[in-house]
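Note sheet for the following structure.
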Amino acid sequence: MRKKSLWLIIMSLTLVLFLAACGDNNETGGEADNNNNAAENDGNNDAAVNDGNDGNDEGNNNDGNEAPAAAEDQTLIFARGGDSTSLDFASVTDGETSRVTLQIYESLLKFNQDSFEVEPGLAHDWDISDDGLTYTFYLREGVKFHDGTDFNADAVLTNFNRWSDPDHEFAFIDEGYNYAVYGNQFGGFQGDEDHVIDEINVLDDYTIEFVLKEPFGAFIQNMGMSYFAITSPAALEEYGADIQENPVGTGPFQFVSWDRDDRIILDKFEDYWNEGYPKLDRVIFQVIPDNSARLTALRSGEIDIMDGLNPDDYEAIANEPGLQVFERETNNIGYLGFNTDQEPFDDPLVRQAMHHAVDKETLIGLLYAGLAEPAKNPLPPAYLGYNDDIEPYDYNPERAQELLAEAGFEDGFEFDLWTMPVARPYMPDPSRAAEVLQENFAAVGLTANIVTMEWATYLDEIETGAQDVFMLGWSGTNGDSDYFLGNLLSTPSIPTSNQTFYSNSEVDDLLTQARHAVEESDREQYYQEALELIHEDSPMITLVHSIPVLAGSDRVQNYVPHLSTSEPLTEVELSE
Amino acid sequence: MLAYTIRRLLMLIPVLIGMSLITFSIIHLIPGNPARVILGDQATATAVANLEEQLGLNEPFLIQYGQYMLGLLQGDLGTSIRTNTAISGDIWPYLAATFELTIFAMVFAVIVGVNAGIISAWKQNSWFDYTAMVIALIGVSMPIFWLGLMQQWVFAQELGWLPAFGRENPRNPIESITHFNLLDALIHGQLDQWWTSFKHLVLPGIALGTIPMAIIARMTRSSMLEVLRSDYIRTIEAKGSSTLSVIYRHGFKNAVIPVLTVVGLQTGTLLGGAILTETIFSWPGIGRYIYEAIGNRDYPVIQSGILVIATMFVFINLIVDLLYSYIDPRIKY
């Protein structure tokens, strides 16, 4: 009977469902730490698929396998909240992109594991002329790109021309490529008056010389940035504008596949110049948007490292067997900016008063679970010129009220407190922060109305100067102090990144002098003086320098988060 | 029947033009500059202006819309601003992922919901009826994200039975042909991968299927109650047919039409509304594709994504309407 057989099918399907829900523990365990497929992974780099391990995936339970020192399966899954926007490091700025491109590409120099000090990268050595105008880089010989072509001085020249010359055949401007970071870091593009690079000369295959128009202190730092890494010219020729989905560099890992909003797979590059590295056979960058889902996946052993650990979970994870936590050194500033063009915030007394009204310690305790330090400079502590002599605006409501009275606002006033709609490393919970700040201001007689809007709108409106007091932050990328001070507080940066509209010609002069000073001690001096002036004017309430935290399985060895938000995984390995 | 189908297909045209106009307008009316979003909060003004120019965002609204519609007529869904690649090429894997999840969720919802509804009606006012209907009520009102997180906590973290995220084991991915993982694994003849993919479907599938299941159960119950009280059922019972035959063959067949309507509507809703489930379970589906596009002001993707979903919705309802006359020959078009 037809209906009867249908009923039978329905019943058996139900049974299958039920069985699935009661799946046997060992089998998923096998999936989570699948020990036997490392060998087959090697060299398999033309497809996302590992055909070699049919059958041994699910059935592999670990009974009786004595743990070796290093796990056989060297596949690391790094889970993060969002996807990369592109795999062309030079035309985008987001941290999720550089996190991946740092594995594929290398720059002439690189940053030390835990500071912004530069170390040899693709250049094993370099000279700076006495006048600070000529930089000569000596390149490593025998370095191969992933496509098998040789790395040499011509490749470096091609890449720099690609970014600096909009008409270059590989610039792909018409395809929407945009090298804003190059423009920001080197003062513009070829032909621009402020472009610092005058010419680039290839002296021989492995020697290249950069001649500058004027001394430029940040030049050597810039060469370590992931934005200025070297792409294979042959691959640029082959893929054209599709290079952003087919990255070819010299780095420890080579690109295998990318499923957008899902995962990026990289495999070990067998011909990597630094012999014996990388330790991992495969790295998978997996997108898991939900924070708690990511933590669950870590706890169930499906991933190895998770980005964006909630500060509230830090203690629990640190004490959980089988897991470990990683701290990234602070490299940001979360601030509350004043629109200094707008009354009453054009009065420094009002700004100082409000700075005294904010209780930074309580904010850190409540929102950052202690994983932040109160900020007294708009520059993170690891930076050149950080002024430790500055006496911070302490939490002092009485003093705040005195200053307000002095400014003529005994009865207080009402203002809009613009609150970011999204969490950022420097501000993990903006709406709660706004509530705390609102109370702080209420205590000195000021009424703050919390205003919020969608993120893109927020950024747009702040440029137009519609805000009274707003929440925002800034993260560093190359360890250059100018990147913070020049962008946040100098006159030329109004309104794109200087949204306090703070304009002080003395500060501007000091920053310019610092930019062109060659001696580090001079630069330090200029920055410290500028910070002194900024402190007096108080154009922003410097809230915190936050410490981003990550969590991982305790099998992960040698993983050191770098303060720039991304780090190469060259030395990382998995132990049993 | 054929004439009816053609008429329904023709009606699709004004619906889709209307849809596209509405989404196009709303997206362009809300403030926020895509060039700004693409370049990030640390970009310079000139860079933003240059990119706007490149993306053609300076053109008047109607010209932008016209260009888009012209491309659409030629089967061109546009180019994503964010990825700079053709949407028609990008969209299929996401669509397939959502289809797979939706089909699983609906199979779950229909099997459990229909059977629970039938038994509840058959044993009206029994403990089963009460329990099933209370569960259905909870199911309807359960926030999906909460259910999903609880499932992950219990089945992935505490018990370790089922995976917490994704469609497959990332350490052993399936080579995509159709982008339906269950199908692809079968084509490759890899049963272990099939089983892994199936296990990945269970938690998100149940999370997504819970609300439709509850709605279907309640709908089936009330529809069945009406049918079971009718005279012909009593006649068949008197004739001595087995209970199973009375309930399923004679009863349910006549109660199925309203249930089918609900199934059709729910399927359409799930296609576009799986975004929460897709986010919690990191399911790379169409909902997240569009969601990411909204965050990046990727106009063409938002446009085309919504248009594709709307088309699916209309098609599913057309299929349901055609099924009516198949199930109940008295219905003629």
Subject >> Euclidean distance of C-alpha centroids, region A:97-133 and region B:85-142, integer Å >> reply: 55 Å
Original post:
Rounded, prolate or oblate: which one fits region B:229-333, using the alpha carbon gyration tensor with axes a ≥ b ≥ c (rounded when a/c is under 1.5, else prolate when a/b beats b/c, else oblate)?
Top reply: prolate
**OP:** With just the Cα atoms of chain A, tell me how far they stretch along each of the three principal axes, in Å, largest first.
**Re:** 88, 68, 48
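Let me confirm one metric for peptide A:215-227, namely the mean number of other chain beta-carbon atoms within 10 Å of its residues' beta-carbons. Mind showing how you got there, number by number?
Values: counts 0, 0, 0, 0, 0, 0, 0, 0, 0, 0, 0, 0, 0.
Across the residues of A:215-227, the mean count of other-chain Cβ atoms within 10 Å is 0.
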**OP:** Mind jotting down the distance between the C-alpha centroids of region B:227-297 and region A:285-349, whole Å?
**Re:** 41 Å
Original post:
Which whole-number percent gives the relative contact order of chain B, counting Cα pairs below 8 Å spaced six or more residues apart?
Top reply: 26 percent
Original post:
Scattering from the C-alpha atoms of region A:96-242 alone, worked out with Debye: what is log10 I(q)/I(0) at q = 0.11, 0.17 1/Å?
Top reply: -0.40, -1.03
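Can you give the % of DSSP beta bridges in the protein assembly as shown that are antiparallel, to the nearest 5?
Working: 58 of 74 bridges.
Taking every DSSP beta bridge with both residues in the protein assembly as shown, the antiparallel ones total about 80 percent.
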Original post:
For B:Tyr326 and B:Arg7, FRET efficiency with R0 = 22 Å and r from the beta-carbon atoms, rounded to 0.05?
Top reply: 0.75
Original post:
Hey, if you put +1 on the Cβ of every Lys and Arg and -1 on every Asp and Glu Cβ in chain B, which of B:Gly209, B:Thr279, B:Asn84 ends up farthest toward the positive end of that dipole?
Top reply: B:Gly209
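Evaluate the relative contact order of chain A (contact order divided by residue number), counting alpha-carbon pairs under 8 angstrom at least 6 apart; express in whole percent. Could you put the intermediate results ahead of the total?
Numbers: 1165 pairs, mean separation 110.6, N = 576.
Reported relative contact order: 19 percent.
Of all the C-alpha pairs in region B:158-300, what % are more than 24 Å from each other?
On the way: 5468 of 10153 pairs.
Of the Cα pairs, 54 percent sit more than 24 Å apart.
Given R₀ = 41 Å, FRET efficiency for A:Ser115-A:Glu406 by Cβ-Cβ distance, to 0.05? Show your work: numbers first, answer last.
Details: r = 43 Å, r/R0 = 1.04.
For R0 = 41 Å, the calculated efficiency reads 0.45.
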Subject >> For A:Ala79, distant residues with modelled amide H under 5 Å away >> reply: A:Gln286, A:Asp304, A:Ile305, A:Met306, A:Asp307
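Report the semi-axes of the equivalent ellipsoid for region B:93-332 in whole Å, largest first, where each axis is √(5λ) for an eigenvalue λ of the Cα gyration tensor. Numbers along the way, then the final one.
On the way: eigenvalues 249, 90, 62 Å².
Result for region B:93-332: semi-axes of 35, 21, 18 Å.
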**OP:** Using per-residue counts of other Cβ atoms within 10 Å, averaged over each peptide, order A:470-477, B:175-182 from highest down.
**Re:** A:470-477, B:175-182
Original post:
By counting other Cβ atoms within 10 Å of each Cβ, how are A:Val181, B:Val227, A:Val358 ranked from fewest to most?
Top reply: B:Val227, A:Val358, A:Val181
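For peptide A:286-292, how many partner chain Cβ atoms fall within 10 Å of a residue's Cβ, on average?
Details: counts 4, 6, 7, 9, 11, 0, 7.
Whole-number average of other-chain Cβ neighbours for A:286-292 is 6.
If you build the Cα gyration tensor of region A:416-505 and take the root of 5 times each eigenvalue, what three semi-axes come out, in whole angstrom, biggest first? Walk me through the numbers on the way to the answer.
Working: eigenvalues 112, 48, 37 Å².
The equivalent ellipsoid of region A:416-505 has semi-axes of 24, 15, 14 Å.
Compute the FRET efficiency between B:Thr85 and B:Ser241 as 1/(1 + (r/R0)^6), taking r as their Cβ-Cβ distance and R0 = 41 Å, and round to the nearest 0.05. Before the final figure, lay out each step's value.
Details: r = 60 Å, r/R0 = 1.46.
Once rounded, the FRET efficiency stands at 0.10.
Based on the alpha-carbon gyration tensor of region A:268-349 and its eigenvalue square roots a ≥ b ≥ c, which shape applies: rounded if a/c is under 1.5, prolate if not and a/b is larger than b/c, or oblate? Before the final figure, lay out the partial values.
Numbers: a/c = 3.08, a/b = 1.81, b/c = 1.70.
Taking the square roots of the gyration eigenvalues as a ≥ b ≥ c, region A:268-349 is prolate.
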Original post:
What's the average, rounded to a whole number, of partner chain beta-carbon atoms within 10 Å of each residue's beta-carbon in A:84-91?
Top reply: 2
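Since every read-out is calculated from the coordinates, none of them should be taken as a lab result. This is a predicted model, so every value here is computed, not measured. Glycine also receives a Cβ, built like all others from the backbone with ideal geometry; neighbour counts cover every protein chain displayed.
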